[in-house]
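The block underneath contains the structure these notes are about, expressed in structure tokens.
Nothing in this text is a laboratory measurement; each read-out follows from the coordinates by a stated rule. Just so it is clear, the model here is predicted, and its values are computed rather than measured. Here Cβ is always computed from backbone atoms with ideal geometry, including for glycine, and neighbour counts include all displayed protein chains.
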Amino acid sequence: MAVLDRYSDYFKTSDYQFDYKKHLGCTDAIYSVRNVIEKFVSNGSTVNVCTLDWSKAFDSMKHYALLIKPMDRKRPIQLLTIFELWFSISVTSINGMVMSLIF
């Protein structure tokens, strides 16, 4: 909260982002997509939809690459240092249930 309080001006997001926002989520994104599709279909257009699952992308990426954009945008060095510290001490762990199938 201290970081957000001090650097909130640097954390603006697009109105088209639904994740990681209070009171918004997947159902809001689905609702928006359905409205756009219904509008085009009601006007006689064909709609093609392509979806991508990026759920594993963050686990396999170089986390330090996330610092490039804020650096290019001249964000405060103190904020970049906080992010660098977080990345250096963060650990990703995936725990899954193993299922045995008996035939």
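Just a few scattered comments:
- Each of M1, M71 was scored by other Cβ atoms within 10 Å of its Cβ. Listed from fewest to most, they are M1, M71.
- Ranked D19, D9, criterion: other C-beta atoms within 10 Å, fewest first: D9, D19
- Cross-link partners of K12 among lysines, defined as those whose alpha carbon lies under 27 angstrom from its own and excluding same-chain residues fewer than eight positions apart: K21, K22, K56, K62, K69, K74.
- Each residue of the range 81-86 was assigned a 3J(HN,Hα) from its phi angle through the Karplus curve 6.51 cos²θ - 1.76 cosθ + 1.60 (θ = phi - 60°); the sequence is 5, 4, 4, 4, 4, 4 Hz, with glycine and proline shown as x.
- The simple spin-label model puts a point 7 Å past each Cα toward its Cβ; for K62 and Q17 those points are separated by 2.3 nm.
- Exposure proxy ranking for T46, T13, based on other Cβ atoms within 10 angstrom of each Cβ and starting from the fewest, stands as T46, T13.
- Contour excess over end-to-end distance, with Cα ends at Y7 and V36 and 0.36 nm allotted per residue: 7.0 nm
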